[in-house]
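Undergrad: Sharing a structure, written as structure tokens. Questions coming.
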Amino acid sequence: ALYRQAIAGGARAVVGPLTRNGASALAAEQEGITVPTLALNVVEGPPAGQLYFFGMAVEAEARQAAQLAKRQGLHQAIVIATRAQLAQRLQFAFEEEWQRSGGAILEEIEFDNDPAVFADIADRPDTAVFLATDAEKAHLIRPYLPNKLPIYATSQIFTGNGNTLTNYDLNGIRFVDMPWLLQADHPAVMIYPRSIPPLSADHERLYALGIDAFRLIQLLLDNKVDDALSLDGVSGRIELEGRIFQRMAVPALFTQGQAQLRNAPPAPAPQVFPERPAVKP
């Protein structure tokens, strides 16, 4: 109803809605999408009118983490997750991409705040660990994992570089996130003003999504969007696949309590910080 109201009011383009349910409702309007429309979430289904999708799907980041690990020559993975719905989505996406590329799932571990579940994890050659968790759980899990195991995650573990001491617990973890948060010297990042006062990391990501959504809707209005599109956005490299603007985040690594940009890093060297005492089931 809001979309029809906007069109009736003379809107030449529409951006939104942000929720998955809202994007799905809009996608169901097979004949009612009459102007360039950019939904800020991603749903599957047949194309509807001039509707396009662009968002921050965590599943895409989990798949990218799997691709990064494969490029390092790793062939088996240990996946650590919780019962939270978001964690389950991350786990499923990572495992699907990992197995699609020929990797094997060595072990699935459900973490319920008891570190005893990590008692049997040892340094294994050719093995990656994927944390399908948020920042709070990652801080609890990382100190119990062997230093030599390469660990991967998504932007869910990064809350900013403002607390170096807390981030020391995440040393050695590789993850992906937006240039907006990781690459201050990125040409597009340097152009746009920052919010004052600064926002939380989650809201900074929404801010960056808004910047790139504005750029994309301008291209749609000017009819400059095709399958060859490649936009160096503040939320990542953006390419068009069908009606979905796919966002490729940038890889980073926690080092000495700071998240630093790292493109295709080599297999990790041991991280130097004390491991916690071994635990028994």
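Undergrad: Report the residue count in segment 227-258 for those that are at pLDDT 95 or above and among the small types (G, A, S).
TA: 5
Undergrad: Considering only residues that are surrounded by 21 or more Cβ atoms within 10 Å (Cβ to Cβ), over 14 Å from D134 (Cα atoms) and among the β-branched types (V, I, T), which ones fall in segment 152-185?
TA: Of everything in segment 152-185, nothing turns out to be surrounded by 21 or more Cβ atoms within 10 Å (Cβ to Cβ), over 14 Å from D134 (Cα atoms) and among the β-branched types (V, I, T).
Undergrad: Restricting attention to segment 89-107, and to residues there that are in a helix (DSSP H, G or I) and not charged (D, E, K, R), which single residue is most open to solvent (accessible area, probe 1.4 Å)?
TA: F92
Undergrad: Here's another thing I want to ask about it. Given L106, L90, L68, L26, which one is within 30 Å of Y3 (Cα to Cα) and of a type outside the set (V, I, T)?
TA: Matching residue, one of L106, L90, L68, L26: L26.
Each row is one residue, and each column tells you yes or no for (1) over 20 Å from D114 (Cβ atoms); (2) in contact with a Phe, Trp or Tyr (Cβ under 8 Å, 6 or more places away or on another chain).
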{"site": "A128", "(1), (2)": "yes, yes"}
{"site": "A135", "(1), (2)": "no, yes"}
{"site": "P146", "(1), (2)": "no, no"}
{"site": "T166", "(1), (2)": "yes, no"}
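Undergrad: From the list A81, A65, A77, A104, pick out the single residue that is under 20 Å from R247 (Cα atoms) and modelled with pLDDT of 95 or more.
TA: Going through A81, A65, A77, A104 in turn, just one is under 20 Å from R247 (Cα atoms) and modelled with pLDDT of 95 or more: A65.
Undergrad: Give segment 173-220 a look and list any residue that's at pLDDT 95 or above, of a type outside the set (A, V, I, L, M, F, W, C) and touching a Leu at 6+ places or on another chain (Cβ under 8 Å), or say none.
TA: Result: R174, E204, R205, Y207, D212, R215.
Undergrad: Can you report the number of residues in segment 126-151 which are hydroxyl-bearing (S, T, Y) and open to solvent by less than 10 Å² (accessible area, probe 1.4 Å)?
TA: Selection size over segment 126-151: 2.
Undergrad: Looking at segment 121-143 only, could you name the residues that are free of Cβ contacts under 8 Å to residues at least 60 places away in the same chain and out of contact with any helix residue (DSSP H, G or I) (no Cβ under 7 Å at 6 or more places or on another chain)?
TA: Scanning segment 121-143 gives I121, A122, D123, R124, P125, D126, T127, V129, E136, K137, L140.
Undergrad: Evaluate segment 21-40: report whether one residue or more is out of contact with any Ser or Thr (no Cβ under 9 Å at 6 or more places or on another chain), at pLDDT below 95 and within 30 Å of I151 (Cβ to Cβ).
TA: No - not one qualifying residue is present in segment 21-40.
Undergrad: Okay, next question. What's the number of the condition E204 fails, among (1) in contact (Cβ under 8 Å) with a residue 24 or more places away in the chain; (2) closer than 24 Å to G45 by Cβ; (3) assigned to a helix (DSSP H, G or I)?
TA: E204 satisfies every listed condition except (2).
The values are calculated or read from the model by the stated rules, or taken from the named source; none is laboratory data. Quantities reported herein were computed from a predicted structural model and do not represent experimental measurements. Neighbour counts are summed over all protein chains in view; Cβ atoms, including those assigned to glycine, are modelled from backbone coordinates with ideal geometry. Remember, those area values only see protein heavy atoms, side chains included, never the ligands or the DNA or RNA. Shrake-Rupley method; radii C 1.70, N 1.55, O 1.52, S 1.80 Å.
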